[in-house]
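> Sharing a structure with you now.
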Amino acid sequence: MIKRAQARPEKVTENMRGGPGSVKISALATPEELLNKGRLFSVITLEPGCGIGTHEHLEETELFYVLEGEADYNDNGVMEHLMTGDVTVCPPGECHGVTNNSGSVTKLIALILYR
């Protein structure tokens, strides 16, 4: 199976998890394609000033891979600066959030897997 970039479903969410601005989510795979072992495998696009608010993951792990750009990452209350190529892991029981405070677009690959 090949899923062409122009055919991928996209949605825009305002103030995602209480974060600033809008977040564009472009699905790479469905939960069924993840064999129901996860609920999200997507490209997340953050324009300057936009982000995902800090939130907790209970029965799942979320990973971000910084595909392009940079962002500020809240890792359980500790602020870290992410750059292209960095990977974050937020396991069950922990919290995180991410904001693009740079002057250019940031793209992340996000994967959420069930425990």
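> Looking at (1) surrounded by 13 or more Cβ atoms within 10 Å (Cβ to Cβ); (2) free of Cβ contacts under 8 Å to residues at least 60 places away in the same chain; (3) not in a loop (DSSP other than H, G, I, E, B), which is the one condition that is false for Leu108?
(2)
> Looking only at the range 58-71, count every residue that is without any contact (Cβ under 8 Å) to a residue 40 or more places away in the chain, among the aliphatic types (A, V, I, L, M) and assigned to a strand (DSSP E or B) and tell me the total.
Number of matching residues: 1.
> Right, something else. Would you mind telling me which numbered condition in (1) without any contact (Cβ under 8 Å) to a residue 24 or more places away in the chain; (2) among the polar types (S, T, N, Q); (3) surrounded by 14 or more Cβ atoms within 10 Å (Cβ to Cβ) Asn74 fails?
In the conditions (1) without any contact (Cβ under 8 Å) to a residue 24 or more places away in the chain; (2) among the polar types (S, T, N, Q); (3) surrounded by 14 or more Cβ atoms within 10 Å (Cβ to Cβ), Asn74 misses (1) alone.
> May I ask you to list the residues in the range 43-60 that are hydroxyl-bearing (Ser, Thr, Tyr) and open to solvent by 20 Å² or more (accessible area, probe 1.4 Å)?
Taking the range 43-60 first, the residues hydroxyl-bearing (Ser, Thr, Tyr) are 45, 54.
Selection gives Thr54 alone.
> Give the number of residues within the range 94-105 that are open to solvent by 60 Å² or more (accessible area, probe 1.4 Å) and not small (Gly, Ala, Ser).
Residues in the range 94-105 being open to solvent by 60 Å² or more (accessible area, probe 1.4 Å) and not small (Gly, Ala, Ser): 2 in total.
> Cβ-Cβ below 6 Å, separation at least six or inter-chain, first residue in the range 89-103 and under 14 Å from Val78 (Cβ atoms), second assigned to a strand (DSSP E or B) and among the polar types (S, T, N, Q): which pairs?
Partner pairs satisfying both residue conditions: Cys95/Thr54; His96/Asn74; Gly97/Thr54; Gly97/Asn74.
> Quick one: in the range 11-37, of everything that is of a type in the set (S, T, N, Q) and open to solvent by 80 Å² or more (accessible area, probe 1.4 Å), which residue is nearest to Ile52 (Cα to Cα)?
Out of the qualifying residues, it is Asn15.
The values are calculated or read from the model by the stated rules, or taken from the named source; none is laboratory data. Being a predicted model, the structure only gives us computed values, none of them experimental. Here the Cβ is made from the backbone with ideal geometry for all residues, glycine too, and neighbour counts use every protein chain on show. Please note that ligands, DNA and RNA were not included when accessible areas were found on the heavy atoms of the full protein model with its side chains. Shrake-Rupley method; radii C 1.70, N 1.55, O 1.52, S 1.80 Å.
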